[in-house]
Amino acid sequence: MRKYLSAWWLGLALVLSSCTPSAPDTAVHMGLAQAPVNLDPRMATDAASARVNRLLYQALVRFDAHARPQPALADWQQLAPEHYRFHLLKPVPRFHDGTALTAYDVVATYQSLLKPGVSPLAAEFSHIRKVWAVDDATIDFTLDAADPEFPARLIIGILPAHLIAAGHDFSRQPVGSGPLAFVSWRGPLVLQRWSDGQRYVLEEVKDPTVRVLRLVRGEIDLLAGDLPPELLVYLQQQAALKVEHTQGANFSYIGFNLQDPLLSNPKVRQAIAYAIDRPAIVRQALVPDSRLAAAILPPEHWAGNASLPAYAHDPQLARELLQEAGVRLPLTLVYKTSTDAQRVRLATMLQAQMREAGIELQIRSLDWGTFFDDIRQGHFQMYSLNWVGIRTPDIYRLAFHSASIPPLGANRGRLHDAELDALIDQRDWLAATQRIHALLPYVPLWYEGQFVAMRRGLYHYTLAADGNWDGLITVTRHSTNDHED
């Protein structure tokens with residue numbers, strides 16, 4: 001009898017507990033077009049991972065509005081052309097496992113980057129001859145050659161030395177000292193703000209229409225970027241939502257395989273550039289505050305070049321250039337892109353515009369992993385990608401120097417130009433960007449505007465030109481200033 005009473009009481013307790021109102025979900029739910037891949041800052045190469053890692057880790061250096069390096073974890077002195085000394089600033093931060101961040105953690109992080117084959121970012125630091133801790137708060141770097149912009153490279157998040165030594169898997173269980181800490185990654189990625197415990201749930205929702213509908217229904221609270229303009233217009237019409245936007249700095253481009261017999265001819269590449277009506281695409285298919293681009297770095301960057309001439313829309317000139325190149329029209333080319341709906345839409349617009357110039361563009365839309373793998377391996381004629389979050393002019397070395405052919409860098413088109421190599425080596429960025437513009441290994445397209453769409457009741461999300469998610473550091477829910485809406 002006692003056994004049955006116990007079972008009855010257990011059943012009643014379960015019924016009562018199911019009737020008890022659950023605590024409100026105070027987490028901020030963010031919908032992502034693409035989930036992060038790797039939360040080890042030494043390994044991450046995709047934009048989503050880089051954006052999350054900025055929140056989880058701290059680096060020695062940050063950047064101001066003109067991309068000039070500023071102290072973050074440390075300030076620095078240049079003791080000699082090849083010798084830099086960094087001093088950790090106080091108060092000394094702690095990692096999320098409770099241990100203090102010291103010079104030895106900085107040394108362990110950068111020493112791990114220097115090991116061959118460990119990191120896809122290793123080429124950026126290959127000229128470091130030695131890094132060591134002078135004391136708990138002082139780190140010295142010596143270089144193989146003078147590098148006046150060396151501090152600007154030191155943006156890798158610092159990891160705990162004891163976990164590096166133990167072979168900890170930072171890619172799935174990150175431990176940093178940033179404003180957000182890792183909680184779990186079973187399905188959605190769950191993070192927590194270190195200062196006040198505010199939780200964030202970052203969930204991949206690939207389809208843009210589904211992301212929008214889930215925001216409207218209140219199933220997610222926030223979207224940042226990665227929507228076509230008509231969906232953004234729809235969100236602006238919803239009374240329960242607010243949309244903010246700003247000028248962007250992420251560079252969209254068309255890349256060429258310069259080993260291809262057709263695309264190795266500069267007149268063919270020029271013809272493609274003149275065949276594209278970029279202003280029309282910006283007007284019709286991009287979000288507000290998007291603008292035309294001429295180089296990877298925008299004109300407001302300290303190494304930007306505002307004087308580069310535009311490749312205007314001129315399909316007749318495009319045809320003439322193709323004929324001068326000895327190309328029989330129509331010219332058929334294969335263009336690879338991802339299966340993202342907006343990317344396919346842009347590809348279709350490019351296809352229609354190029355047809356007028358005698359170019360038949362065959363679109364191959366692939367899942368992201370297959371697409372990006374093809375690009376890295378050089379299996380393409382043409383493709384389109386974005387450079388996201390670029391801060392230093394060394395991007396031109398990474399993308400165009402003949403010493404940066406994959407796997408040593410991101411010169412995926414296999415450009416070889418001795419004059420450009422010399423200009424990059426001399427760090428003459430004005431002349432280098434002019435040479436790149438003339439060689440046309442990329443067709444520069446645009447810098448896409450940035451926006452955030454949020455449910456009312458969220459406040460203080462700060463937009464960034466590179467689309468980073470640092471606004472999660474400051475966003476608040478249910479501000480007392482509800483009249484701000």
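The values are calculated or read from the model by the stated rules, or taken from the named source; none is laboratory data. All values derive from a computational prediction rather than experimental measurement. Cβ atoms come from the backbone with ideal geometry, glycine included; neighbour counts cover every protein chain shown. Just so you know, the surface numbers come from the protein's heavy atoms only, side chains and all, with ligands and any DNA or RNA stripped out. Shrake-Rupley method; radii C 1.70, N 1.55, O 1.52, S 1.80 Å.
The residues of the range 292-303 that are part of a loop (DSSP other than H, G, I, E, B) and in contact (Cβ under 8 Å) with a residue 24 or more places away in the chain, listed by number, are 293, 294, 295, 296, 297, 298, 300, 301, 302, 303.
As a summary of the residue check, residue 150 satisfies the conditions (1) at pLDDT below 95; (2) under 20 Å from the mean Cα position of the chain (by Cα) except for the one numbered (2).
Kindly establish whether residue 177 is small (Gly, Ala, Ser), within 21 Å of the chain's Cα centre (by Cα), at negative phi and assigned to a loop (DSSP other than H, G, I, E, B). Here the answer is yes, as residue 177 does meet what is asked. In the range 202-211, the count of residues that are aliphatic (A, V, I, L, M), at pLDDT 95 or above and part of a strand (DSSP E or B) is one or more. Scanning the range 270-287 for residues that are among the hydrophobic types (A, V, I, L, M, F, W, C) and farther than 21 Å from residue 227 by Cβ yields a total of 5. Restricting the search to strands (runs of 3 or more DSSP E) fully inside the range 321-388 and requiring at least 3 residues that are more than 29 Å from residue 212 (Cα to Cα) and not acidic (Asp, Glu) gives 331-338, 359-366.
Yes/no matrix, rows are residues, columns are (1) within 21 Å of residue 340 (Cβ to Cβ); (2) among the small types (Gly, Ala, Ser); (3) touching a His at 6+ places or on another chain (Cβ under 9 Å):
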site	(1), (2), (3)
375	yes, no, no
414	no, no, no
435	no, no, no
465	no, yes, no
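So that you can scan it fast, the table gives a plain yes or no per residue for (1) under 30 Å from residue 319 (Cβ atoms); (2) of a type in the set (A, V, I, L, M); (3) at pLDDT below 95; (4) in contact with a strand residue (DSSP E or B) (Cβ under 6 Å, 6 or more places away or on another chain):
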{"residue": "198", "(1), (2), (3), (4)": "no, no, no, no"}
{"residue": "233", "(1), (2), (3), (4)": "no, yes, yes, no"}
{"residue": "249", "(1), (2), (3), (4)": "no, yes, yes, yes"}
{"residue": "261", "(1), (2), (3), (4)": "yes, no, no, no"}
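Within the range 153-205, the set of residues being among the charged types (D, E, K, R) and open to solvent by 60 Å² or more (accessible area, probe 1.4 Å) comprises 169, 172, 186, 196, 199, 204. Of all the numbered requirements in (1) within 20 Å of the chain's Cα centre (by Cα); (2) modelled with pLDDT of 95 or more; (3) open to solvent by less than 10 Å² (accessible area, probe 1.4 Å), residue 287 misses one, and that requirement is (2). Every condition in (1) open to solvent by less than 50 Å² (accessible area, probe 1.4 Å); (2) part of a strand (DSSP E or B) is met by residue 244 except one, and the failing one is (1). Taking first residues from the range 381-393 that are of a type in the set (Lys, Arg) and partners that are part of a strand (DSSP E or B) and open to solvent by 20 Å² or more (accessible area, probe 1.4 Å), the Cβ contacts under 8 Å between residues at least 6 apart in sequence or on separate chains come to 391/63.
For residue 312, the test of being at negative phi and open to solvent by less than 10 Å² (accessible area, probe 1.4 Å) is failed.
Scanning the range 268-280 turns up one or more residues that are at pLDDT 95 or above, surrounded by fewer than 22 Cβ atoms within 10 Å (Cβ to Cβ) and within 20 Å of residue 341 (Cβ to Cβ).
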